[in-house]
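To start, the structure under review is shown below, and the notes come after it.
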Amino acid sequence: MDELKLYYFRSVCRHLSFTRAAKACNVVQSTISKQIAALEDELGVKLFHRQSKGIQLTPAGRRLLANADAYANQYRAINASVRRLMMARTDSITVGVGQYEADLILEPLKVYSERYPEIEVNCMYYAYSNLVSFWASGTLDVAIGTELCAKKFRSKASVELLTAKWMVAAHKGSPFWGLDADKQRRLEGQLVITTISNEYEPVRPYCINNRLDQGAFTHTNTYASQLLMLRANMGIALLPSFLKPSMPEDVIMEDVLNPPLALRFVAMYDAETCSEATT
């Protein structure tokens, strides 16, 4: 599955028409049709229902669309990594950033770009599970995430950025803020919005291990969509405290958790293979 097939696939998903997708991609319709057919053959599933009135995504097509951006990013990262290896180049690095850590590396990135203007920096966001997977495969030179990610690779080097407590975030009109302090601490009856990141997601284990009284969990795939759901007053979320200054006006963050949830945020790299500029 290459990036071109994914590009055509996403165009068809966007237009729900092979004709309109071909026009948007500046190719003939037969090119789009052949690439989609090749993708379906490769995956062994049908991605679209072809109907007289148009086309619709199949369940498999919807699943691929939900992950298409991650697949494309991984393909580009692997391509870049292999090209650097083949050309013996050391003038670029790829940095993978977890869901919440952008603000932590904003200033370091500024300093780095000023100190090493000749080095190309590629920076990408990932859910924690993808961050760990891509870093383990060698497609990332540096990974910025939590200590839960770093524990997966105890033999690799890491630098602690900070330790942050996690706070409850909810829309300012959420019923959560009307609960008494003890019910807030126990998240009584609340729908908790978490991100998909498997064993590297700290929120669900915290709630379960401390036997909190949350009503249920729901999930999303990025911090941006998590924040969108908060702003739509669709639930509450537990977020690192360093995000509070950047919260929109309609979302409140407060430190109500007891016992506290605190994690170290770290930068991970391979001391044996990284360049001096990386360290």
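The values are calculated or read from the model by the stated rules, or taken from the named source; none is laboratory data. Please read all numbers here as calculations on a predicted model, not as lab measurements. Just the protein is used for accessible areas: all its heavy atoms, side chains included, with ligands, DNA and RNA removed. Shrake-Rupley method; radii C 1.70, N 1.55, O 1.52, S 1.80 Å.
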HIS171, HIS49, ranked by accessible area, largest first (probe 1.4 Å)
HIS49, HIS171
From highest to lowest solvent-accessible area (probe 1.4 Å; ligands, DNA and RNA excluded), VAL256, VAL28 read VAL28, VAL256
Restricting to lysines 8 or more places apart or on different chains, can you count the pairs in the chain with Cα atoms under 20 Å from each other?
11
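Only helical DSSP H runs with n ≥ 4 go in: add -39500 (n - 2.57) per run for the chain, normalise by residue count and round the 222 nm mean residue ellipticity to 500 deg cm²/dmol.
Values: 10 runs with 113 residues, N = 279.
About -12500 deg cm²/dmol.
Top to bottom by accessible area (1.4 Å), largest first, where do VAL27, VAL142 land? Walk me through the numbers before you get to the answer.
Details: VAL27 40, VAL142 20 Å².
Listed by decreasing accessible area, they come as VAL27, VAL142.
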Tell me, what is the 1.4 Å probe accessible area of ARG264, in Å² to the nearest 10?
80 Å²
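Indicate, rounded to the nearest 5 percent, the antiparallel portion of the DSSP beta bridges found entirely in the chain. The partial results should precede the final answer.
Numbers: 26 of 41 bridges.
In the chain, DSSP labels about 65 percent of beta bridges as antiparallel.
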Relative intensity, log₁₀ I(q)/I(0), of the chain from a Debye sum that treats every alpha carbon as a point, q = 0.07, 0.09, 0.11, 0.15 Å⁻¹
-0.34, -0.55, -0.79, -1.15
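Counting only protein heavy atoms, what percent of the accessible surface of the chain is carbon or sulfur at a 1.4 Å probe? Present the calculation step by step, with values, prior to reporting the outcome.
Working: 7620 of 14830 Å².
Summing carbon and sulfur atoms, their accessible area is 51 percent of the total for the chain.
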Return the tail of the calculated pair distribution for the stretch 110-253, meaning the percent of Cα-Cα pairs more than 19 Å apart.
59 percent
Send over a whole-number figure in Å² for the accessible area per residue of the stretch 127-240, probe 1.4 Å.
45 Å²
Taking a probe of 1.4 angstrom, what is the accessible area of ARG186 in Å², to the nearest 10?
50 Å²
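Taking every DSSP beta bridge that has both residues in the stretch 126-240, what percent is antiparallel when rounded to the nearest 5?
Values: 5 of 11 bridges.
The answer is about 45 percent antiparallel.
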